[in-house]
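J.: One structure, pasted below without further comment.
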Protein chains: 2
Amino acid sequence: MGHELEQIIEACDAAIKNEDFDTLMSYYTEDAVLVVRPGTVARGKAEIEEAFIRIAKYFDNSIVPAQGKMEILEAGDTALVISQTLLESTVENPDVPMERKATYIFKKDASGKWLCAIDNSYGTDLI
Amino acid sequence: MGHELEQIIEACDAAIKNEDFDTLMSYYTEDAVLVVRPGTVARGKAEIEEAFIRIAKYFDNSIVPAQGKMEILEAGDTALVISQTLLESTVENPDVPMERKATYIFKKDASGKWLCAIDNSYGTDLI
């Protein structure tokens with residue numbers, strides 16, 4: 001417990017809950033990729049922010065993400081986070097899974113800050 | 001089809017089958033991480049090569065890896081490959097799964113060559 005990346009992901013979850021998209025986007029690389037749903041990808045900060053705004057709206061501005069079990073594999077300036085992602089909202093019967101095994105890829109930038117390069121909450125369910 | 005990374009992974013599978021560990025290791029970063037099995041990780045080229053030699057021995061030098069369905073998510077110099085990995089060998093009832101949904105993280109080096117930084121054939125089954 002207590003890995004820097006756990007704290008960063010916790011900060012991202014709080015930013016999603018609070019719809020604080022400026023803070024949220026500060027944790028992504030310029031050319032990051034977000035899997036919005038299988039087959040739909042947002043590329044770059046502008047598209048990713050738009051996608052998060054649409055996601056917030058879809059969930060009636062009530063989305064609360066949290067992480068359960070987590071494994072972090074670190075190789076130099078690159079890390080793979082495998083995380084049980086739990087979503088809660090007031091929306092009944094959403095058409096997306098609210099419990100997922102996510103894969104998040106982070107990269108350390110020149111100043112040593114971890115940034116998310118690939119945000120795929122669907123994990124291996126893409127295949 | 002035909003993504004450069006598909007060809008690289010195919011070349012790695014051939015190198016594993018042929019026990020050509022020099023070629024195999026040329027596709028890894030210096031500080032790469034290999035998940036040997038859940039809870040056991042090899043770090044750096046020397047440990048990864050040793051692990052592959054032990055794996056080859058475990059499978060009576062008959063291991064043949066292949067990939068099925070594959071999704072590649074690319075973000076600048078980083079890529080996440082999600083791949084159905086199929087293992088065959090003459091060993092009966094091996095104590096590891098022979099069909100997996102793997103997560104491979106590749107990075108482009110300064111010369112533009114893709115190298116594997118994190119090799120996790122167990123995918124999200126780690127949690």
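J.: Taking the Cα centre of the protein assembly as shown as origin, work out the dipole magnitude from +1 charges on Lys and Arg Cβ and -1 charges on Asp and Glu Cβ, in debye rounded to 20.
T.: Details: 24 positive and 46 negative charges, 18 e Å.
Computed about the Cα centre, the dipole is about 80 debye.
J.: May I ask you to evaluate 6.51 cos²θ - 1.76 cosθ + 1.60, the Karplus curve with θ = phi - 60°, for each residue of the stretch B:42-50 and list the ³J(HN,Hα) values in order in whole Hz, giving x for glycine and proline?
T.: Along the stretch B:42-50, the couplings run 9, 10, x, 4, 4, 5, 5, 4, 4 Hz.
J.: Right, here's the next one. Can you pull out the GluC sites (Glu not before Pro) in the stretch B:76-121 whose DSSP state is coil and whose Cβ has at most 11 other Cβ atoms within 10 Å?
T.: Here the GluC sites (Glu not before Pro) that fit, given the DSSP loop and packing criteria, are B:92.
J.: Within 10 Å of each Cβ of B:113-120, how many other protein chain Cβ atoms are there on average?
T.: 3
J.: Here is a further query. Taking H placed 1.01 Å from N in the peptide plane, check which residues at least 5 places from residue B:101 or on another chain put their amide H under 5 Å from its amide H.
T.: HN-HN under 5 Å from residue B:101: B:85.
J.: Within the stretch B:8-38, find all residues whose amide N lies under 16 Å from a label point positioned 7 Å from the Cα of residue A:127 along Cα-to-beta-carbon.
T.: Within reach of a label on residue A:127: B:8-14, B:35.
J.: Something else: Given the alpha-carbon gyration tensor of the protein assembly as shown, what are the semi-axes of its equivalent ellipsoid in whole angstrom, ordered largest first, with each equal to the square root of 5 times an eigenvalue? Can you show the working numbers first?
T.: On the way: eigenvalues 221, 74, 52 Å².
So the three semi-axes of the protein assembly as shown are 33, 19, 16 Å.
J.: Of the lysine pairs in chain B, how many meet both conditions: Cα atoms under 19 Å apart, and a spacing of 8 or more in sequence or different chains?
T.: Pairs that pass both the separation and distance tests number 7.
J.: Moving to a separate point now. Which number do you get for Rg(Cα) / (2.2 N^0.38 Å) in chain B?
T.: 0.99
Throughout, read-outs are computed from the coordinates displayed, never taken from laboratory work. The structure displayed is predicted, hence computed values, not measured ones. Quick reminder, even Gly has a Cβ in these numbers, built from the backbone with ideal geometry, and neighbours come from all protein chains shown.
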